[in-house]
Amino acid sequence: MRQMESSSLAQTKQHTQEKRVTIRRATTPDAAGMTAFLSALHAENLNTICRRAPPTEDEVRISVEKTAADMRSFYLLAMSGDEIVGLLDLSAGENGHSRHSVRFGVSVGKYWRGRGVARELTESAIREVKLWPHFCRIELECAAHNESAIYLYESLGFVTEGRKRKSMDLGRGPEDMLLMALVW
Ligand SMILES: CC(C)(COP(=O)(O)OP(=O)(O)OC[C@H]1O[C@@H](n2cnc3c(N)ncnc32)[C@H](O)[C@@H]1OP(=O)(O)O)[C@@H](O)C(=O)NCCC(=O)NCCS
């Protein structure tokens, strides 16, 4: 146990000493790293995101390739050297009535939270979508108790538009889900 704690501390310290992360789009060769990132996230058993089993590497690769071909969706990665430390996935509405709108999800590796990685990822996504013609809305869903996420989104201009009462159970029992959006 002590060994695990000291290795976590060493990892945190090492990360603290590293430079800022860089943000870039995911490409096919990132599939293995993304799968590892998502598996580690799943293993944390978080109560802020859906607990479904993480995708296989093949599933991630197919999704990255489909996304790259789509032009209306993307995966953004936060990289520290070769390591994926944060991931944002974003896709545009498919229906005629929602083609001007995108939705996204973001997550950051355990040892990288609270250091501005999600902010950088989300700001990059906003900057990019604002360049897309005819788009004027970015939306997301968030557990009502996810304070750091809500703080982050609100600080970037997102507004809570609705609350689906007791609509999600992420391991704490049924709780409210916030519907948040940024429009321009
Ligand atoms: C939510 C999550 C993506 C945030 O990522 P992050 O990289 O830690 O976020 P950032 O460091 O960019 O920003 C977090 C902000 O919230 C603030 N914050 C952190 N904990 C907070 C809390 N309990 N209450 C209010 N604000 C808080 C931070 O100070 C920071 O604000 P600042 O930039 O003004 O200092 C990350 O915690 C995560 O991956 N969680 C697990 C998956 C998840 O919940 N995803 C979101 C689903 S909606």
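Of the numbered criteria (1) more than 16 Å from the ligand (Cβ to nearest atom); (2) surrounded by 12 or more Cβ atoms within 10 Å (Cβ to Cβ); (3) modelled with pLDDT under 95, the one A10 fails is (2).
When restricted to residues that are more than 16 Å from the ligand (Cβ to nearest atom) and in a strand (DSSP E or B), the range 59-91 contains 2. Tallying residues that are in contact with a Gly (Cβ under 9 Å, 6 or more places away or on another chain) and either among the basic types (K, R) or within 18 Å of I126 (Cβ to Cβ) (or both) within the range 73-104 yields 13. Within the range 18-44, the set of residues being of a type in the set (A, V, I, L, M, F, W, C) and touching a strand residue (DSSP E or B) at 6+ places or on another chain (Cβ under 8 Å) comprises V21, I23, A26, M34, A36, F37, L38, L41.
Annotation note: Cβ proximity below 6 Å between a residue of the range 51-72 that is modelled with pLDDT of 95 or more and a residue that is part of a loop (DSSP other than H, G, I, E, B) (sequence gap 6+ or interchain) occurs for V64/A26. Tallying residues that are crowded, with 16+ Cβ neighbours inside 10 Å and either aliphatic (A, V, I, L, M) or closer than 15 Å to L76 by Cα (or both) within the range 129-154 yields 8. In the range 111-127, the qualifying residues are those that are among the small types (G, A, S) and within 14 Å of D89 (Cα to Cα), and the one that is nearest to the ligand (Cβ to nearest atom) is A118.
Between V108, V102, V183, the distinction of being more than 12 Å from the ligand (Cβ to nearest atom), aliphatic (A, V, I, L, M) and crowded, with 19+ Cβ neighbours inside 10 Å belongs to V102 only. Note on the range 128-154: among residues that are within 11 Å of the ligand (Cβ to nearest atom) and assigned to a helix (DSSP H, G or I), the one that is nearest to the chain's Cα centre (by Cα) is A149.
The values are calculated or read from the model by the stated rules, or taken from the named source; none is laboratory data. Please read these numbers as outputs of a predicted model, since none were measured by experiment. Here the Cβ is made from the backbone with ideal geometry for all residues, glycine too, and neighbour counts use every protein chain on show.
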